[in-house]
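If you scroll down you'll find the structure; I have some questions about it.
The values are calculated or read from the model by the stated rules, or taken from the named source; none is laboratory data. Just so it is clear, the structure is predicted and the values come from calculations on it, not from any experiment. Every residue, glycine as well, gets a Cβ built from its backbone with ideal geometry; the counts of neighbours run over all protein chains shown.
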Amino acid sequence: MKSRYSLNLGKPFGIRISVHWTFSLLILWIVFITVRQGLGTGQVLMHILFVLVLFFCVVLHEFGHSLTAIKLGGKVKSITLLPIGGMAHISEMPENPKDEFLVSAAGPLVNVVIAGILWFYIAFFHGTAPEQMEFDTITLTNFPIILLAANLFIVAFNLIPAFPMDGGRLFRSALSMKMNKLKATRIAKDIGQVFAVIFIFAGLFLNPFLIIIGFFIFLGARGEYEMMVYRDILNNYTVNDIILTDYEKIDENETLEEAAGRLSHISSRGYVTTSNGEYAGILTKNAIIKGLNVFGKKGLIKDVMNENIEPVKPEMTLFDVYKKMQMNKYEMVPVKEDGHFKGVLDKENINEFFMIRQAMQ
């Protein structure tokens, strides 16, 4: 799903590349620091160019992860550039721990290759020895060697065993070869959060970006572990186990005023919309509220309902459906078998089902 807060740069290899709006804050920070140091316009632009080239290396790093994951049977949705680096949204990671190890290692390996190419260029074609260069600011002369050092730093930093960074994933995949993945994830999560606290504390004295990275690691580790807990429980059940066949229906030609008037009397997150008595789409409470703001009380249900939600099958595992709903921000999804509408799944019901099963365990 595209974000309105990101700039789309294209879809090489079928993977959408986007830049989050917060990336502009990094550019502004670079301008602020360089101007404060008294550098001229040309030098400021050179520092901006360096950051852009470095983040191109970051994109290649993420492609290393993504293309390896695809080669090993995974699925990659997009790559997003943030001020703290890149993030590949791998919707399906290969299950085999050895495959996950290869996917995690592929990113840093790309930076090693980039550093090797830069070293070869500096050693044989550059013409100026490093000991003859000035490093007070970035220039065309020292640009390659600083870029080489930056790529080596990316390798070293990413190999820190702080889950969910690359090093943490390598550590988790190695543990998964000896124990079940949930336990391995819990250990990697705990160690990752220790590193996160260290980064946050260090950022108070060294660099504020370390604080951001620390919070990213802390929350990312917890989020991935929670998803693994969901996976461990929900993979044992299918859509058939909690499909809702008793749901609120509303015709697509009724008005938003009529739908809003019944909201307080329904317990689910919305309605199943019908056309001539047949399933037509999903109408959530949020869609009704937004529709009232746009079309007013006389707006029709068919103007705001979602008729493009891909239906799920009764035999799908609840975890696969849950991931799909999380990824697409669906509150409800239709369930169909051989093209026939069977009922709906409500994300709130999945969460309640999960909590009950977790409590029973």
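Looking at the stretch 336-354 only, could you name the residues that are in a strand (DSSP E or B) and over 15 Å from Tyr271 (Cβ atoms)?
Start the filter on the stretch 336-354 by keeping residues that are in a strand (DSSP E or B), which leaves 336-337, 340-346.
If the condition is that a residue be in a strand (DSSP E or B) and over 15 Å from Tyr271 (Cβ atoms), then Lys336, Glu337, His340, Lys342 are the ones that fit.
Would you confirm whether any residue within the stretch 188-203 is polar (S, T, N, Q) and either at pLDDT 90 or above or in contact with a helix residue (DSSP H, G or I) (Cβ under 8 Å, 6 or more places away or on another chain) (or both)?
So far as the stretch 188-203 goes, yes, one or more of its residues are polar (S, T, N, Q) and either at pLDDT 90 or above or in contact with a helix residue (DSSP H, G or I) (Cβ under 8 Å, 6 or more places away or on another chain) (or both).
Answer yes or no as to whether Lys75 is within 29 Å of Asn8 (Cα to Cα), out of contact with any Asp or Glu (no Cβ under 7 Å at 6 or more places or on another chain) and among the basic types (Lys, Arg).
So Lys75 does not fit the description; no.
Turning to a different aspect of this structure: Does at least one position in the stretch 170-180 carry a residue that is charged (D, E, K, R), in a helix (DSSP H, G or I) and free of Cβ contacts under 8 Å to residues at least 60 places away in the same chain?
No.
If you check Val333 against the conditions, is it under 22 Å from Asn240 (Cβ atoms), among the hydrophobic types (A, V, I, L, M, F, W, C), in a strand (DSSP E or B) and touching a residue at least 40 places away in the same chain (Cβ under 8 Å)?
So Val333 fits the description; yes.
Let me ask something else. Is it true that some residue in the stretch 110-117 is at pLDDT below 90 and either within 27 Å of Phe13 (Cβ to Cβ) or more than 20 Å from the chain's Cα centre (by Cα) (or both)?
Step one: list which residues in the stretch 110-117 are at pLDDT below 90, which gives none.
Within the stretch 110-117, not a single residue is at pLDDT below 90 and either within 27 Å of Phe13 (Cβ to Cβ) or more than 20 Å from the chain's Cα centre (by Cα) (or both).
Which one of these is of a type in the set (A, V, I, L, M), outside any helix (DSSP H, G or I), within 32 Å of the chain's Cα centre (by Cα) and surrounded by 16 or more Cβ atoms within 10 Å (Cβ to Cβ): Leu283, Leu206?
Among Leu283, Leu206, only Leu283 is of a type in the set (A, V, I, L, M), outside any helix (DSSP H, G or I), within 32 Å of the chain's Cα centre (by Cα) and surrounded by 16 or more Cβ atoms within 10 Å (Cβ to Cβ).
Return only the number of the condition from (1) more than 21 Å from Gly85 (Cβ to Cβ); (2) surrounded by 21 or more Cβ atoms within 10 Å (Cβ to Cβ); (3) in the same structural domain as Val112 (by TED's automatic domain parsing) that Thr185 does not satisfy.
Failing condition for Thr185: (3).
Related question: Can you name every residue in the stretch 20-52 that is at pLDDT 90 or above and assigned to a strand (DSSP E or B)?
none
If you check Leu60 against the conditions, is it without any contact (Cβ under 8 Å) to a residue 12 or more places away in the chain, closer than 26 Å to Ala156 by Cβ and either surrounded by 19 or more Cβ atoms within 10 Å (Cβ to Cβ) or in the same structural domain as Ile138 (by TED's automatic domain parsing) (or both)?
no
Which of the residues belonging to the stretch 286-328 are touching a Gly at 6+ places or on another chain (Cβ under 6 Å) and either in a helix (DSSP H, G or I) or closer than 28 Å to Glu224 by Cβ (or both)? Don't jump to the end; show me each part of the working.
Filtering the stretch 286-328 for residues touching a Gly at 6+ places or on another chain (Cβ under 6 Å) gives 291, 299, 304-307.
Gly291, the sole residue that qualifies.
When only residues in the stretch 317-342 that are surrounded by fewer than 16 Cβ atoms within 10 Å (Cβ to Cβ) and among the hydrophobic types (A, V, I, L, M, F, W, C) count, which is farthest from Asp232 (Cα to Cα)?
In this case the residue turns out to be Phe341.
OK, next. Quick check on the stretch 231-248. Is at least one of its residues β-branched (Val, Ile, Thr), buried (at least 16 other Cβ atoms within 10 Å of the Cβ), assigned to a helix (DSSP H, G or I) and under 20 Å from the mean Cα position of the chain (by Cα)?
No, because not a single residue in the stretch 231-248 is β-branched (Val, Ile, Thr), buried (at least 16 other Cβ atoms within 10 Å of the Cβ), assigned to a helix (DSSP H, G or I) and under 20 Å from the mean Cα position of the chain (by Cα).
If only one of Phe157, Phe120, Phe55 is over 24 Å from Ala196 (Cβ atoms), at pLDDT 85 or above, over 17 Å from the mean Cα position of the chain (by Cα) and in a helix (DSSP H, G or I), which one is it?
Exactly one residue qualifies, and that residue is Phe120.
Given the options Lys249, Lys313, Lys298, name the one that is of a type in the set (Lys, Arg) and touching a residue at least 60 places away in the same chain (Cβ under 8 Å). Explain how you work it out, then say what you get.
Details: Lys249 fails: touching a residue at least 60 places away in the same chain (Cβ under 8 Å); Lys298 fails: touching a residue at least 60 places away in the same chain (Cβ under 8 Å).
Result of the check over Lys249, Lys313, Lys298: Lys313.
Shifting gears a bit: Any residue at all in the stretch 329-346 that's more than 30 Å from Glu92 (Cβ to Cβ), among the hydroxyl-bearing types (Ser, Thr, Tyr) and outside the structural domain of Ser91 (by TED's automatic domain parsing)?
no
When you look at Ala259, is it hydrophobic (A, V, I, L, M, F, W, C), in contact with an Asp or Glu (Cβ under 9 Å, 6 or more places away or on another chain) and outside the structural domain of Val194 (by TED's automatic domain parsing), yes or no?
No: the conditions fail for Ala259.
Give the residues of the stretch 69-85 that are closer than 25 Å to Val53 by Cα and either modelled with pLDDT of 85 or more or touching a strand residue (DSSP E or B) at 6+ places or on another chain (Cβ under 6 Å) (or both), sorted by residue number.
Ala69, Val76, Lys77, Ser78, Ile79, Thr80, Leu81, Leu82
Considering only residues of the stretch 107-124 that are within 11 Å of Pro144 (Cα to Cα) and aromatic (Phe, Trp, Tyr), which is surrounded by the most Cβ atoms within 10 Å (Cβ to Cβ)?
Trp119
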